[in-house]
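Structure first, then comments.
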Amino acid sequence: MKSTLCLFFGLLLSNAFCLKAQDSTTVRLTQLMQDYPVMGLSIAVVKDGKVVHTQALGWKEEGKELLESSDLFRIASISKSFTAIGLMQLVEKGTLSLDDDVSELIGFRIRNPKFPDTVITLRMLLSHTSSINDQQGYFNLDVIHPDKNKYTKKVYNVYEPGKGYQYCNLNFNLAGAILEKYSGFRFDAYIQENILKPLGLYGGYDVDQLDKSRLATLYTYQRDSAKFTASPAAYVSKSEELKTYVPGYSTPIFSPTGGMKISAPDLTKYLLLHMNYGKVGKVRLISAAHSQEMQTPLSSDENYGLALWKTNVLIPGVELVGHTGSAYGLYSAMFFNPEEKYGFVVISNGCDPTYEAGFNIVIRKAFQILYEEWILNR
């Protein structure tokens, strides 16, 4: 009887804490949106390995429709980790190796002309150490195909592959094409069948296969006019490009580097996969060893692993693992502490573009609020 009463009162205290944290979180996030221009904000909190809070504030469509937690966003570069998970699955099947030559995988020569004898590997693509850059763009693979772009040498940096770091979207569009080529699935279908469905998540890379009524409009904030401008290019149909689609080459139309559309609550469930080293509940998508490898920095200077990186400045002095995203006015962040089993997702469909300590200022301040309300003050 005594233990039952203790459990009962423990639950009451826990519920009381949650209600207090929710109320205080709402007040502080609302104030944040008054202090800075913000169109909408969708957040989710993981604590003790469980999703404990989700919330949406502001506009889904300016002046017309309020944002809801179930609404979808193009999350930008957080998408890179989905591509990396898919490739890790192929590595575990023995189909690929992280140390495979990208030239052999993609089917045309990928070599830095300043270091022609140095192999560029799949691991280098996933860690941004390939010496490849986005100077010629990254929306198609022609920019790096030596038979289709006479300026290919501009795509490579002056340092040897594996010896330097530069964040590069082309790396992951190449990686997505390799995933497609060796899985036998179109890229978007592979992610759907092998990551989203097993985890019970709603989302995807092909906008035509999603409920468009759930897409949150993205907005760019114009400082000079202090106004938001809609960014319709974020959700353009790819139906025309698909008519001439070449598997293993046309893949960038889905943007493996940034094209995932998903809600904040579902992205938080995906966060649990990384927090629990490749497993959510009874579903394991990759081994614990490969999940830990994704989270292990290859460079102490940049703290970037394989599509995930470590930071202790998003929340000063607190080490977190995750990724950010920014595109079409959207800003997103997914970060977690795998040891203490907490984490946060914050997505804005348009806000002040100012950066502070390497992060969007609104996203950073929202993280600090969530950490203080749900973790520090527990």
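What to note about this one:
- Of all residues in segment 206-220, those that are closer than 19 Å to Glu241 by Cβ, in contact with a Ser or Thr (Cβ under 8 Å, 6 or more places away or on another chain) and in contact (Cβ under 8 Å) with a residue 40 or more places away in the chain total 1.
- All positions within segment 207-239 that are in a loop (DSSP other than H, G, I, E, B) and either of a type in the set (Lys, Arg) or within 20 Å of Gly329 (Cα to Cα) (or both): Ala216, Thr217, Leu218, Arg223, Asp224, Ser225, Ala226, Ser231, Val236, Ser237, Lys238
- Evaluation of Val283 against (1) touching a Pro at 6+ places or on another chain (Cβ under 6 Å); (2) surrounded by 17 or more Cβ atoms within 10 Å (Cβ to Cβ) (one fails), failing number: (2)
- Residue count for segment 286-308 under the criterion of being in contact with an Asp or Glu (Cβ under 9 Å, 6 or more places away or on another chain), buried (at least 20 other Cβ atoms within 10 Å of the Cβ) and not in a helix (DSSP H, G or I): the result is 3.
- Residue in segment 165-181 that is surrounded by fewer than 22 Cβ atoms within 10 Å (Cβ to Cβ) and not in a loop (DSSP other than H, G, I, E, B) present: yes
- Matching residues in segment 86-126 - criterion: being surrounded by fewer than 21 Cβ atoms within 10 Å (Cβ to Cβ), over 19 Å from Ser183 (Cβ atoms) and among the β-branched types (Val, Ile, Thr): Thr118, Val119
- Selection status of Ser81, among the small types (Gly, Ala, Ser) and part of a loop (DSSP other than H, G, I, E, B): no
- The set of residues in segment 193-210 being surrounded by fewer than 19 Cβ atoms within 10 Å (Cβ to Cβ) and touching a strand residue (DSSP E or B) at 6+ places or on another chain (Cβ under 8 Å) consists of Pro198, Leu199, Tyr202, Leu210.
Quick note: the coordinates plus some simple rules give every number you see, no bench work behind them. It should be emphasised that the depicted structure is a prediction, and the values quoted were computed from it without experimental measurement. Using ideal geometry, Cβ is built from the backbone for each residue, glycine included, and neighbour counts are taken over all protein chains shown.
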